[in-house]
Each structure stands twice: as C-alpha cells, then as structure tokens.
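Contents: one structure, followed by commentary.
The values are calculated or read from the model by the stated rules, or taken from the named source; none is laboratory data. Here the structure is a predicted model, which is why all the values come from computation and not from measurement. Neighbour counts are summed over all protein chains in view; Cβ atoms, including those assigned to glycine, are modelled from backbone coordinates with ideal geometry. These accessible areas exclude ligands, DNA and RNA; they are computed on the full protein's heavy atoms, side chains included. Shrake-Rupley method; radii C 1.70, N 1.55, O 1.52, S 1.80 Å.
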Amino acid sequence: GMLGSKHWAANPSVPVSKVRAAVCFDMVGRLRKDHLHVFGIRTGWGLRRRLSEANEETGLWLEFPWRLQANSDHWPLIERRVPTLLFHTGTHGQYHRPSDDAHRVNSEGMRAITRLLFRYLDELANADQLPGYRPEGRRESETTRRRHQRLLPALPGRLGLAWSRKTPEQG
C-alpha cells in the first residue's frame, strides 16, 4: 500500500514544484453503469470543469466526492501540495481477493476511462495556465459539500412583462 507514491514523495525524481498535477488510478477495471468516482477534484482550481469538458465525448457518469482519505497513491502527492485526481470505479465482492480474476475486467469500461484520461491530460498539457493547489480541498467533506451546495429557497412569484415598441397594427 502506497509504497511507491510515498517513496516518490520523499525522493522525487523532479522538483515537486515542477509537478503541476497528478492522476492516479485505483481499481478502474470494474466500471459499472458507466459510473466513475473522481476523488481530489477540489485539490486544484478548475479541475472539475476541465475534466467535465474532457468527458463530453465519453459520457461517463462522473461522481465527485469531496471527502479525501489517506488510502491510496493520491495521498502522498496531495500532502506535497500537488493537485491530484484519483479515479476509482468502486469496490466489489472480489476487492483485493484472489477471486478477482482477469475475466472480470470490463475492458470497454477501461477503454472509455483511458479515452477520458487522454483528453484530460492533453487539455492540461496544452493549457496556458495549469491548476494551482487548493489546500482547502484536503479538509473538505461531504458535510462541507452539503453546506455549499444546498438548494436555494424558491423565488417568490412575480409578474413578467415584455416591452415592445411595435403597435398592435404592426403585428
């Protein structure tokens, strides 16, 4: 668990200040109902918009949970202040078990995720400005999301009028 990412974060092969964004994949072989979880979307400015735009052709159902856990390779990078996304398709009955055999892999789903990733990375690589790290993203949770994304109260009733200089005879 996280040996490679912890090692890299402690001994980076390039200065961490030059790493503008990171993408991690964990358990993406079981895409079900085209539903993809993307964690870390709030660790960098504009990540969600860019990813959503890259997803237009793929049409995957992207879910953006706000809560981050120190349970995969994204965490050591986030601790080093690198905007980082973690793609995950959810756990299943064979999760981390010997019964998780290759015939269970959804290769079409992996192909769709790869197409999304390619478009997203191409967009980042060609962007004039890359996302900056957003430290608040580390501490936010679903409670924070509910507080910020609560429904607004209904607007009061109103009368709408349109103004036209045409007379009734002009049609």
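Around the amide H of His35, modelled in the peptide plane, lie the amide H atoms of Trp61, all under 5 Å away and 5 or more residues distant in sequence or on another chain.
Would you kindly give the portion of the calculated P(r) for the stretch 118-171 that falls above 16 Å, as a percent of all Cα pairs? Each step should come with its number before you reach the end.
Numbers: 1078 of 1431 pairs.
Tail of P(r) above 16 Å: 75 percent of Cα pairs.
Of all the options Val23, Val38, Val105, the one that moves most in a Gaussian network model of the chain with Cα springs shorter than 10 angstrom is Val105. Straight-line reach from Lys18: taking Cα to Cα under 25 Å and skipping same-chain neighbours fewer than 8 places apart, the lysines in range are Lys6. The HN-Hα couplings worked out from phi for the stretch 17-25 by the Karplus form 6.51 cos²θ - 1.76 cosθ + 1.60 (θ = phi - 60°) are 4, 8, 8, 8, 6, 9, 10, 10, 10 Hz, whole numbers, x standing for Gly and Pro. Loop-located chymotrypsin sites (Phe, Trp or Tyr not before Pro) in the stretch 1-95 (DSSP state other than H, G, I, E, B) with a sparse environment of at most 10 neighbouring Cβ atoms within 10 Å are absent. Around the amide H of Cys24, modelled in the peptide plane, lie the amide H atoms of Leu85, Leu86, Phe87, all under 5 Å away and 5 or more residues distant in sequence or on another chain. Pick the calculated Kirkwood radius over Cα pairs in Å for this structure from (1) 18.2; (2) 17.5; (3) 18.7? Here the calculated entry is (3).
The alpha carbon centroids of the stretch 1-80 and the stretch 98-141 are separated by 6 Å. For the stretch 34-171, the relative contact order is 37 percent, taking Cα pairs closer than 8 Å that sit 6 or more residues apart in sequence and dividing their mean separation by the residue count. When the Gaussian network model of the chain links Cα atoms closer than 10 Å, the mean-square fluctuations of Gly157, Gly59, Gly137 top out at Gly157.
Summary: within the chain, the longest segment free of GluC sites (Glu not before Pro) located in DSSP loops with at most 11 other C-beta atoms within 10 Å is 58-171.
Evaluating 6.51 cos²θ - 1.76 cosθ + 1.60 at θ = phi - 60° for every residue in the stretch 28-45, the Karplus couplings come out as 9, x, 10, 4, 10, 6, 6, 9, 10, 8, 10, 8, x, 4, 9, 7, x, 5 Hz, glycine and proline recorded as x. To the nearest 10 square angstrom, how much accessible area does Met27 have with a 1.4 angstrom probe? Solvent-accessible area, nearest 10 Å²: 40 Å². By the gyration tensor of its Cα atoms, with a ≥ b ≥ c the square roots of the eigenvalues, what is the shape of the stretch 78-126: rounded for a/c under 1.5, prolate for a/b over b/c, or oblate? Cα axes put the stretch 78-126 in the oblate bin.
Per-residue Karplus couplings for the stretch 128-139, computed as 6.51 cos²θ - 1.76 cosθ + 1.60 with θ equal to phi - 60°, are listed in order as 5, 9, 9, x, x, 5, 10, x, 4, x, 5, 9 Hz, Gly and Pro entered as x.
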